[in-house]
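Taking it in order: structure first as structure tokens, then the write-up.
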Amino acid sequence: MPDSAPKAPAQSHSPLPDFCDLPAISALLVVGALCVTLAWLAPESTRGWRGYSVGMLFVEWTAMLVAVALCKLRPWLLRLPGLLPYAGVWLVMVLIVTLASMLAQWMDRLLEMQLINSVPGTFVRDNAAIAALLGAAMLRYFYMLAEWQARLAAVAHAKVEALQARIRPHFLFNSMNTVAALIRVDPTAAERTVEDLSELFRAALGQSDTHNGTLGEELQLVDRYLAIEQLRLGERLRVQRELDDLPLDTALPVLLLQPLVENAVRHGIQPLREGGEVILRGRREHDMLLIEVSNPLAESPAKGGSGHGLNNVRQRVVYHYGPRASVEAGPQGDRFVVKLRLPFEVRHARADRR
């Protein structure tokens, strides 16, 4: 029987660095400065400070010209198939350096500055050869960096898929048992529970490239999960929400908070005969969003806890937000507290970084 399940769309990956960004521009400038410095420090070099200064000025201006040209030409270069974008960048670099060298030699002769003492044509030829070799080396570095980032993104993408597809069996079985018990007693509640469960499955098994929703959508999933657990645990589960001032349009990875709340219920409420209170807090501080999930500490934690859920949340936060975000977790008094510190970003203003 052929597989008719929809496949996740392939993740787009740009083969070229963004030459409009500071890291790529800095790389060109630093490599150019190192070349001039090494040539000046060579044992047989006859250039003094004047030659070093003029050479540095020429190379840095040429590097800036290359960066601007590649920045403007990048959209057209990306249309080329395979590795041809790298070949196009290499040709642009060699061509600009050659033309800039010819112009510099012509101006040196016209103004009789005598800064270029080499045989006519040698200056242009040597610079073109240096640009060709250094350009090839830099593009090789950019290519290896892009391949490494693509592999890193693929691994992180697989981890996200595994986390989203992972519905704990005990939660599924408990939910279905709750539905079965409610069908005869309260059909309306049973129907509502099935709807809540279906929305959780929709989010967990969704095939989304970006895996992004909003804070408001994530809080709705949390409420649906808590509604199901409330039917099972009854008065043992109490929830306190302090989320009134949160911007609900904040971009947030799907199923980022729900696993934390599930851990709080499973490890903090379920082992206690008298139950306890799960506290959800959140506030915005400047450009950061602070979210806190806490639960009472049980004397005998629930069996089967291995920390995978919290570790996956940490990995997803690092993958989506980078070093600005953080996840802190640990006991504080008689409660276990998980704190998320995330950059505030409106969903429609955030491009997919992967």
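Considering only residues in segment 330-352 that are assigned to a loop (DSSP other than H, G, I, E, B), within 28 Å of the chain's Cα centre (by Cα) and not aliphatic (A, V, I, L, M), the one that is modelled with the highest pLDDT turns out to be 344.
Here is a check on your reading of the model: is residue 294 at pLDDT 90 or above, in the same structural domain as residue 343 (by TED's automatic domain parsing) and not acidic (Asp, Glu)? Spell out the reasoning first.
Working: at pLDDT 90 or above: yes; in the same structural domain as residue 343 (by TED's automatic domain parsing): yes; not acidic (Asp, Glu): yes.
Criteria met by residue 294.
Among the conditions (1) under 30 Å from residue 55 (Cα atoms); (2) modelled with pLDDT under 80; (3) in a helix (DSSP H, G or I), residue 174 misses just one, which is (1).
Tell me, please, whether a residue that is basic (Lys, Arg), in the same structural domain as residue 344 (by TED's automatic domain parsing), more than 21 Å from residue 226 (Cα to Cα) and at pLDDT 75 or above can be found in segment 125-132.
So in segment 125-132, the residues basic (Lys, Arg) come out as 125.
Of the ones still in play, those that are also in the same structural domain as residue 344 (by TED's automatic domain parsing) are none.
Within segment 125-132, not a single residue is basic (Lys, Arg), in the same structural domain as residue 344 (by TED's automatic domain parsing), more than 21 Å from residue 226 (Cα to Cα) and at pLDDT 75 or above.
Could you tell me whether residue 247 is within 19 Å of residue 316 (Cβ to Cβ) and touching a helix residue (DSSP H, G or I) at 6+ places or on another chain (Cβ under 8 Å)? Considered against the rule, which asks whether it is within 19 Å of residue 316 (Cβ to Cβ) and touching a helix residue (DSSP H, G or I) at 6+ places or on another chain (Cβ under 8 Å), residue 247 comes out as no.
Criterion first (of a type in the set (A, V, I, L, M) and either modelled with pLDDT of 85 or more or buried (at least 16 other Cβ atoms within 10 Å of the Cβ) (or both)) does residue 150 satisfy it? The answer is no for residue 150.
The residue that is nearest to the chain's Cα centre (by Cα), among those in segment 318-328 that are small (Gly, Ala, Ser) and surrounded by fewer than 18 Cβ atoms within 10 Å (Cβ to Cβ), is 322. Please determine whether any residue of segment 254-270 is surrounded by fewer than 21 Cβ atoms within 10 Å (Cβ to Cβ), within 12 Å of residue 215 (Cα to Cα) and among the acidic types (Asp, Glu). Among the residues of segment 254-270, not one is surrounded by fewer than 21 Cβ atoms within 10 Å (Cβ to Cβ), within 12 Å of residue 215 (Cα to Cα) and among the acidic types (Asp, Glu), which makes the answer no.
Quick check on segment 311-329. Is at least one of its residues part of a loop (DSSP other than H, G, I, E, B), at pLDDT 85 or above and on the phi > 0 side of the Ramachandran plot? The answer is no, given that none of the residues of segment 311-329 is part of a loop (DSSP other than H, G, I, E, B), at pLDDT 85 or above and on the phi > 0 side of the Ramachandran plot. For the structure I just gave you, tell me whether residue 89 is β-branched (Val, Ile, Thr), at pLDDT 80 or above and closer than 19 Å to residue 132 by Cβ. So residue 89 passes the test. When residue 190 is tested against (1) more than 30 Å from residue 254 (Cα to Cα); (2) buried (at least 16 other Cβ atoms within 10 Å of the Cβ); (3) hydrophobic (A, V, I, L, M, F, W, C); (4) at pLDDT 80 or above, only condition (1) is not met.
The values are calculated or read from the model by the stated rules, or taken from the named source; none is laboratory data. Keep in mind that this is a model prediction, so the values were computed, not measured. All Cβ positions, glycine included, derive from the backbone under ideal geometry; neighbour counts span all protein chains shown.
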